[in-house]
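What follows is a set of notes on a single structure, which appears directly below.
The values are calculated or read from the model by the stated rules, or taken from the named source; none is laboratory data. From a predicted model like this one, the values you see are computed outputs, not experimental measurements. Glycine also receives a Cβ, built like all others from the backbone with ideal geometry; neighbour counts cover every protein chain displayed.
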Amino acid sequence: MFPATPTVEDPEHMHGIVGLKADGTPGWSPKDYASIADETVVMKRKAHNPNCFNLARSDNIQLDREIPDVRHPQCKDVVYTSLPSVSVVFVFFNEPVSPLVRSIMSVLDRTPPHLLNEIILVDDGSDREYTHKELEDLLVLLPKVTLRRMPKRQGLMATRVEGARLAQSEVVVFLDSHIECNTGWLEPMIGRIAEDPRHVVVPMIDSIDPDTFKYTAGGLDVVAFDWGLRQAFPKRPIEGIAPVASPGMGGGLFAIDRKLFFKLGGYDPEMKLYGGEEVELPMRVWQCGNTMEVIPCSRIGHIFRSGEFHSGQVYPVPGHVITKNHLRAAHMWMEPQYRKLVEDANARLPPSVPLGDLSWGTEIKERLNCKMFGWFLENVYPELFIPGDPKFVVATGSLRNPATNVCLDTLGRESDDSKLGAYSCHNLMKKGSSQMFVVTKEDEVRLATGTYHSCFDRANKPDGIYIWGCHLGHGNQEWKWDKESGHLYDPSTRRCATLVTHGNDRYDVAMASCKDGDETMRWEIKQMAGVV
């Protein structure tokens, strides 16, 4: 029997004080641990292993703790009526007890009882001892919670489909297993779905520090993807409380009309474990006549894992599995010219791993009369840079200093905050070359790599040019190239990219006040023939 749901809602504990044993004592109590000030690096390393967050700190915090209400003030004045009830689905694999149960309790504490029909936990074949008796002993103390165990690990997508299959409500809300729902988190999302069930909605995702567990506003809002089908973050302003269209999503937190979820086919049954589903589903949602929106009044905190004190793959997934998932998404929802960009940005599948039957997607496209990916680019994600498209590109090629035959060069360093260098021009005119760049009509200089998602950036440093992920926000990534003078310059300060010669064929790039006729500041673009 579940504990009785209270008849009077308590704003701080909408389902009453939950998690108590029959004698009124808590079923779980925080464990002693050092204060943040007294915790050593050695302690942190131990506490972060193997979850990439500080489990000792999580175990030291109440499961029903208070968190700051970070909503926009206007959110508190909105009144919602005639809302559907929901089934909340958590899926987990070897998730530690305290963050998982804290996630559940945040739903219970901050969700009106008449809107929360059930919480369904789907265990994706966990094999850690604590995920069985210790977890079950706590779950029986919580109302409205059902646990379903999969016989073996099948992955995020299959377990979510199982949760949706078990759900009894009109709307299904999928949540990650290490989150905390904030005040008023649910009503804005299901209110939008109640207006039109074709709206698929995601919350604003706030940050829970992986070491201190401090809850702070901000983390993820509008999400998209690059040509590698990895997350990208277009700068779309969120003004007030109005929903904002989003080309993609973080993946783990969203609400959807249950009938629509299955009408769209759930998840691709041949995409395994995880990786790619956070791109494939949004493309399918949009191209098949629906929308995906960020709801600013809905706020949920999420633990973003960190490798600062422990690095490792928390959920082991072979690389070729994610590659296959990406390629299946591209083959089902993109035309050949766009699909090729995804193929170029991903590793090749081993010969022993076939792409699989694509008829699942073909049936959905025909049944729902879904639109092409070109429509998606034009109407949903116009920010996505398309290499070779004259709408985006001024020139593609090497940036060469003619006086020395030296070219700008990544020197193989292409991660964020890497410093750009220079090297004798090697004329290797192909995509992926360390001397290949794209000057865009948005006044960026992009690396001609597989994803085209890295840009020249001044990085608030005076000493050169750095590489960072393109943010589409100008600022440190705004560059002008003057064909006549050859100047590549920062328009805000009129400082130019300048070749520095150290002797013995050693070169560097600096920023200096632009001077007409200075040959160290002249850069020619030797263009690559054809479309990149």
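For the range 407-431, the tally of residues that are assigned to a strand (DSSP E or B) and surrounded by fewer than 22 Cβ atoms within 10 Å (Cβ to Cβ) stands at 5. Scanning the range 63-85 for residues that are among the polar types (S, T, N, Q) and surrounded by fewer than 15 Cβ atoms within 10 Å (Cβ to Cβ) gives 74, 81, 82. Set side by side, the residues 51, 60 differ, and just one is surrounded by 14 or more Cβ atoms within 10 Å (Cβ to Cβ) and at pLDDT below 95, which is 51.
For residues that are in contact (Cβ under 8 Å) with a residue 60 or more places away in the chain and farther than 17 Å from residue 411 by Cα, scanning just the range 439-451, find the one that is nearest to the chain's Cα centre (by Cα). Only one residue fits best here, namely 451. Of all residue pairs spaced 6 or more apart or on separate chains, those with beta-carbon atoms under 9 Å, a first member in the range 219-235 that is of a type in the set (Lys, Arg) and a second member that is part of a loop (DSSP other than H, G, I, E, B) are 230/451; 230/453; 235/222; 235/383; 235/471; 235/472; 235/473. For the range 262-283, the set of residues classified as assigned to a helix (DSSP H, G or I) and surrounded by fewer than 23 Cβ atoms within 10 Å (Cβ to Cβ) consists of 262, 263, 277, 278, listed by residue number. Scanning the range 11-48 for residues that are in contact with an Asp or Glu (Cβ under 6 Å, 6 or more places away or on another chain) and surrounded by fewer than 14 Cβ atoms within 10 Å (Cβ to Cβ) turns up just one, 31. The single residue among 193, 205, 256 that is of a type outside the set (D, E, K, R), part of a helix (DSSP H, G or I) and surrounded by 18 or more Cβ atoms within 10 Å (Cβ to Cβ) turns out to be 193.
Select the helices (runs of 4 or more DSSP H) contained entirely in the range 43-151, then report the ones holding at least 3 residues which are closer than 26 Å to residue 169 by Cβ.
So the answer is 97-109, 133-139.
A quick yes/no check of all residues on (1) in the same structural domain as residue 114 (by TED's automatic domain parsing); (2) among the β-branched types (Val, Ile, Thr); (3) in contact with a helix residue (DSSP H, G or I) (Cβ under 7 Å, 6 or more places away or on another chain); (4) more than 22 Å from residue 116 (Cβ to Cβ):
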residue: 31; (1), (2), (3), (4): no, no, yes, yes
residue: 44; (1), (2), (3), (4): no, no, no, yes
residue: 65; (1), (2), (3), (4): yes, no, no, no
residue: 84; (1), (2), (3), (4): yes, no, yes, no
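For residue 311, the criteria (1) closer than 20 Å to residue 232 by Cα; (2) hydroxyl-bearing (Ser, Thr, Tyr); (3) out of contact with any strand residue (DSSP E or B) (no Cβ under 6 Å at 6 or more places or on another chain) hold in every case but one, which is (1).
For residue 490, the test of being under 30 Å from residue 230 (Cα atoms), in contact with a helix residue (DSSP H, G or I) (Cβ under 7 Å, 6 or more places away or on another chain), acidic (Asp, Glu) and modelled with pLDDT of 90 or more is failed.
The residues of the range 463-522 that are part of a strand (DSSP E or B), of a type in the set (Lys, Arg) and either surrounded by fewer than 15 Cβ atoms within 10 Å (Cβ to Cβ) or touching a residue at least 24 places away in the same chain (Cβ under 8 Å) (or both), listed by number, are 480, 506. Kindly check whether there is at least one residue in the range 231-241 that is touching a Cys at 6+ places or on another chain (Cβ under 9 Å) and either modelled with pLDDT of 90 or more or closer than 30 Å to residue 37 by Cα (or both). Within the range 231-241 (the criterion being touching a Cys at 6+ places or on another chain (Cβ under 9 Å) and either modelled with pLDDT of 90 or more or closer than 30 Å to residue 37 by Cα (or both)), the answer is yes, since at least one residue qualifies. Look at (1) surrounded by 14 or more Cβ atoms within 10 Å (Cβ to Cβ); (2) more than 28 Å from residue 432 (Cβ to Cβ); (3) at pLDDT below 95 and you find that residue 346 fails only one, number (2).
Of everything in the range 194-221 that is hydrophobic (A, V, I, L, M, F, W, C) and in contact with an Asp or Glu (Cβ under 6 Å, 6 or more places away or on another chain), the residue that is nearest to residue 241 (Cα to Cα) is 204.
Take residue 291 and decide whether it is in contact with a Lys or Arg (Cβ under 7 Å, 6 or more places away or on another chain), at pLDDT 90 or above and either closer than 30 Å to residue 49 by Cα or surrounded by fewer than 19 Cβ atoms within 10 Å (Cβ to Cβ) (or both). The answer is yes for residue 291.
Residue 483 passes every criterion in (1) out of contact with any helix residue (DSSP H, G or I) (no Cβ under 9 Å at 6 or more places or on another chain); (2) over 19 Å from residue 396 (Cβ atoms) apart from (2). Of the numbered criteria (1) assigned to a strand (DSSP E or B); (2) modelled with pLDDT of 90 or more, the one residue 434 fails is (1).
Take the residues in the range 130-176 that are among the basic types (Lys, Arg) and under 26 Å from the mean Cα position of the chain (by Cα); name whichever of them is surrounded by the most Cβ atoms within 10 Å (Cβ to Cβ).
Step by step, filter the range 130-176, then rank; the result is 160.
Summed over the range 284-324, residues that are hydrophobic (A, V, I, L, M, F, W, C) and in a helix (DSSP H, G or I) total 4.
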